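Comments concern the structure below.
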């Protein structure tokens with residue numbers, strides 16, 4: 001098969017003609033579960049931080065611009081923010097605590 005000039009028509013594939021050397025090359029790497037695990041840890045930690053910030057912002061906005069009293073906002077913060085802070089702390093501790101650098105996590 002002759003090489004096509006740049007910008008020429010696409011080559012027609014023929015099952016009887018072997019591919020030219022130097023064609024498509026694939027660089028496959030073995031699956032590394034650590035990469036997937038680190039991505040999942042990071043995603044969970046970031047999502048929980050965003051959730052915590054969003055809840056705190058909603059409570060602040062409802063108190064400042066809504067008709068929510070400060071006492072109601074405190075009750076809401078106690079009910080929602082306290083458990084979220086525990087979850088965020090556990091997620092961040094798990095994310096950074098699992099990264100010891102010794103390959104065991």
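The values are calculated or read from the model by the stated rules, or taken from the named source; none is laboratory data. Since the model is a prediction, treat every value here as computed from it, not as a measurement. Heads up, the Cβs are rebuilt from the backbone with ideal geometry, glycines too, and the neighbour counts pull from every protein chain shown.
Within the stretch 57-76, can you find the residues that are touching a helix residue (DSSP H, G or I) at 6+ places or on another chain (Cβ under 6 Å) and either under 20 Å from residue 91 (Cβ atoms) or outside any helix (DSSP H, G or I) (or both)?
68
Go through 50, 46 for me and flag whichever is surrounded by 12 or more Cβ atoms within 10 Å (Cβ to Cβ) and either modelled with pLDDT under 90 or assigned to a helix (DSSP H, G or I) (or both).
Numbers: 50 fails: surrounded by 12 or more Cβ atoms within 10 Å (Cβ to Cβ).
Of the residues listed, the single one that is surrounded by 12 or more Cβ atoms within 10 Å (Cβ to Cβ) and either modelled with pLDDT under 90 or assigned to a helix (DSSP H, G or I) (or both) is 46.
Restricting to the stretch 87-105, give me the number of residues that are surrounded by 12 or more Cβ atoms within 10 Å (Cβ to Cβ) and either modelled with pLDDT under 75 or in contact with a helix residue (DSSP H, G or I) (Cβ under 6 Å, 6 or more places away or on another chain) (or both).
8
On the given criteria, is residue 41 modelled with pLDDT of 80 or more, surrounded by 10 or more Cβ atoms within 10 Å (Cβ to Cβ) and over 30 Å from residue 81 (Cβ atoms)? Spell out how you get there, then give the answer.
Values: modelled with pLDDT of 80 or more: yes; surrounded by 10 or more Cβ atoms within 10 Å (Cβ to Cβ): yes; over 30 Å from residue 81 (Cβ atoms): no.
Spelling it out, it is not the case that residue 41 is modelled with pLDDT of 80 or more, surrounded by 10 or more Cβ atoms within 10 Å (Cβ to Cβ) and over 30 Å from residue 81 (Cβ atoms).
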